[in-house]
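Colleague: Would you mind keeping the following structure in view while I ask a few things?
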Amino acid sequence: MTSDPRIGPLALPDTRARRVIEKLLDGSGVTLNGDAPQDIRVFHPDFFSRVLHQGTLGLGEAYMDGWWECDRIDEMACRLLRHGLGEHARTPSERLMYRLQSGFFNLQSKARAYIVGEAHYDMGNDLFERMLDATMCYSCGYWKQAETLHQAQLAKLELACRKLELAPGMRVLDIGCGWGSFAEHAARHHGVEVTGITISREQAELARQRCANLPVEIQLQDYRDLDGTYDRVVSIGMFEHVGHRNYATYFRTIEQLLAADGLFLLHTIGSNNSDISADPWINRYIFPNGVLPSAMHIARASESYLLMEDWQNFGADYDLTLMAWLANLDAYWHEIAHHYNERTRRMFRYYLSVCAGAFRSRDLQLWQVVYSRGRPGRYDAPR
């Protein structure tokens, strides 16, 4: 698909598809071809039928193809979700297909574990180095007292270290270590030894460089292949890739790896409901096979293996984090534009903006959950 010449919003015929979409938008604060920042300006006559028949997949792909524009996609998404359009975002056939696939197949099996690494995290370190801050954290920052993205990410890393009660000499396992942000921070500032695992070759290579001369080992490995005993275990922004069929295996693995008096911190995006589903556009273009857990999913899957000590929600902070990433992407894209096409730029802008709107509307959450194996005494989590 190619973009039509973009000379201004088209005077589209009053088709059935357009009337249906206008009715859905009514009362949301988002209008077609309006002047407000959250309004949708349409440039292609097939936009309405595409969105009506393909839901969020069609909406996202149409944006990537230049069929429509919006000055503040984040605010558009927030208003649409608050209006209740999240229930209409996926077509019945999409919902049925995902339920059939996830019911019959383990979409996050060991054989498929590296798909998301190759599709997203291996896209290019040059892109992520410009989008993220110097810590290379690709997860929600903690903005309680922060004024910048870098301050928020440092605060998140230190919050996790404090919740884990790190002490020099401890052996720490970082499941889903990314580009080594937590491993580097914990080893450098708390004197611990860290083993980090990731399913992304690009992440592993850069993490090893960043953690050189520190007691950190980075491995390209699936969590189901781990063994050994660790004083502390942390998993930041990885549980979204585990999948509901593997939740019990995940928590059983943590129990087997964690020392008797150890602590485990789980940092994950969370869903408000327990439906097993995934947004079709996000699933195809950003995080293949990703599934967001609900609070019930986490509690039920973990209760046979670990004792929950603390649960914190700071999902509103992800809105700020995503908007900061978007600002970085816009500010530094010119440095890498020769490596990526315009469709990729629009894909990332859409992804960051829509996700920011989802957290702003409180449609998504960010949870940090602390577990033990039932060690004696009281646990007081820092905030």
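Colleague: Working only within the stretch 160-170, note down all residues that are buried (at least 21 other Cβ atoms within 10 Å of the Cβ) and touching a residue at least 40 places away in the same chain (Cβ under 8 Å).
Modeller: Ala160, Lys163, Leu164, Leu166
Colleague: Follow-up. Which residues, counting only those in the stretch 171-215, are more than 14 Å from Val234 (Cα to Cα) and among the hydrophobic types (A, V, I, L, M, F, W, C)?
Modeller: Trp179, Ile199, Ala204, Leu206, Ala207, Cys211, Ala212, Leu214
Colleague: If you don't mind, there's one more thing I want to ask. Only residues in the stretch 263-289 that are farther than 17 Å from Asn313 by Cα and modelled with pLDDT of 95 or more count as the first member; pair them with residues that are assigned to a loop (DSSP other than H, G, I, E, B) and not acidic (Asp, Glu), Cβ under 7 angstrom, at least 6 apart or cross-chain, and list the lot.
Modeller: Leu263/Leu164
Colleague: For the stretch 333-355, check the following and say yes or no: at least one residue is closer than 22 Å to Thr253 by Cβ, crowded, with 17+ Cβ neighbours inside 10 Å and hydrophobic (A, V, I, L, M, F, W, C).
Modeller: no
Colleague: Which count do you get for residues in the stretch 49-70 that are buried (at least 19 other Cβ atoms within 10 Å of the Cβ) and either outside any helix (DSSP H, G or I) or of a type in the set (Val, Ile, Thr) (or both)?
Modeller: 5
Colleague: Still on this structure, I have one more. Would you be able to tell me the number of residues in the stretch 164-206 that are small (Gly, Ala, Ser) and part of a strand (DSSP E or B)?
Modeller: 1
Colleague: Here's another thing I want to ask about it. Taking the stretch 233-256 as the search range and keeping residues that are touching a Gly at 6+ places or on another chain (Cβ under 6 Å) and of a type outside the set (Asp, Glu), which one is modelled with the lowest pLDDT?
Modeller: Among residues in the stretch 233-256 that are touching a Gly at 6+ places or on another chain (Cβ under 6 Å) and of a type outside the set (Asp, Glu), the one modelled with the lowest pLDDT is His241.
Colleague: Would you check which residues across the stretch 216-232 are of a type in the set (Lys, Arg) and in a strand (DSSP E or B) and list them?
Modeller: If the condition is that a residue be of a type in the set (Lys, Arg) and in a strand (DSSP E or B), then Arg232 is the only one that fits.
Colleague: So the check is Cβ under 9 Å with 6+ separation or different chains; which pairs have a first residue in the stretch 33-56 that's at positive phi and in contact (Cβ under 8 Å) with a residue 12 or more places away in the chain and a second one that's assigned to a loop (DSSP other than H, G, I, E, B) and among the hydrophobic types (A, V, I, L, M, F, W, C)?
Modeller: Asn33/Leu10; Asn33/Ala11; Asn33/Leu12; Gly55/Ala89
Colleague: Looking at the stretch 141-159 only, could you name the residues that are among the basic types (Lys, Arg) and buried (at least 17 other Cβ atoms within 10 Å of the Cβ)?
Modeller: Correct list: Lys156 only.
Colleague: Scan the stretch 64-91 and report the pairs whose first residue is under 19 Å from Val42 (Cβ atoms) and whose second residue is at pLDDT 90 or above and among the basic types (Lys, Arg), with Cβ atoms within less than 6 Å and a gap of 6+ or a chain change.
Modeller: Between residues of the stretch 64-91 that are under 19 Å from Val42 (Cβ atoms) and residues that are at pLDDT 90 or above and among the basic types (Lys, Arg), the close pairs are Met64/Arg343; Met64/Arg346; Glu69/Arg41.
Colleague: What number goes with the only condition from (1) modelled with pLDDT of 95 or more; (2) part of a helix (DSSP H, G or I); (3) surrounded by fewer than 21 Cβ atoms within 10 Å (Cβ to Cβ) that Ala134 does not pass?
Modeller: Ala134 satisfies all of (1) modelled with pLDDT of 95 or more; (2) part of a helix (DSSP H, G or I); (3) surrounded by fewer than 21 Cβ atoms within 10 Å (Cβ to Cβ) except (2).
Colleague: Using beta carbons and a limit of 6 Å, which pairs, at least six apart or on different chains, have the first residue in the stretch 177-188 and assigned by TED's automatic domain parsing to the domain that holds Glu217 and crowded, with 24+ Cβ neighbours inside 10 Å and the second one of a type in the set (Asp, Glu) and not in a helix (DSSP H, G or I)?
Modeller: Listed pairs, sorted by first residue: Phe182/Asp174; Ala183/Asp174.
Colleague: Same structure, new question: Among the numbered criteria (1) modelled with pLDDT of 95 or more; (2) within 30 Å of Gln54 (Cα to Cα), which single criterion is violated by Ala183?
Modeller: Against the list (1) modelled with pLDDT of 95 or more; (2) within 30 Å of Gln54 (Cα to Cα), Ala183 comes up short only on (2).
Colleague: Are any of the residues in the stretch 204-215 free of Cβ contacts under 8 Å to residues at least 24 places away in the same chain, assigned by TED's automatic domain parsing to the domain that holds Ala160 and surrounded by 18 or more Cβ atoms within 10 Å (Cβ to Cβ)?
Modeller: yes
Colleague: Just to be sure before I move on: is Leu306 touching a His at 6+ places or on another chain (Cβ under 8 Å), modelled with pLDDT of 95 or more, surrounded by 20 or more Cβ atoms within 10 Å (Cβ to Cβ) and closer than 27 Å to Leu166 by Cβ in the structure I sent?
Modeller: Judged against the criteria, Leu306 is not a match.
Colleague: If a residue counts only when it is closer than 30 Å to Asp126 by Cβ and under 18 Å from the mean Cα position of the chain (by Cα), which helices (runs of 4 or more DSSP H) contained entirely in the stretch 252-362 have at least 1 such residues?
Modeller: Helices (runs of 4 or more DSSP H) meeting the threshold: 280-285, 316-332, 342-360.
Colleague: Return only the number of the condition from (1) touching a His at 6+ places or on another chain (Cβ under 6 Å); (2) under 25 Å from Leu364 (Cα atoms); (3) of a type outside the set (S, T, N, Q) that Val234 does not satisfy.
Modeller: (1)
The values are calculated or read from the model by the stated rules, or taken from the named source; none is laboratory data. Please read all numbers here as calculations on a predicted model, not as lab measurements. For neighbour counting, all protein chains shown are included, and Cβ atoms are generated from backbone atoms with ideal geometry for every residue, glycine included.
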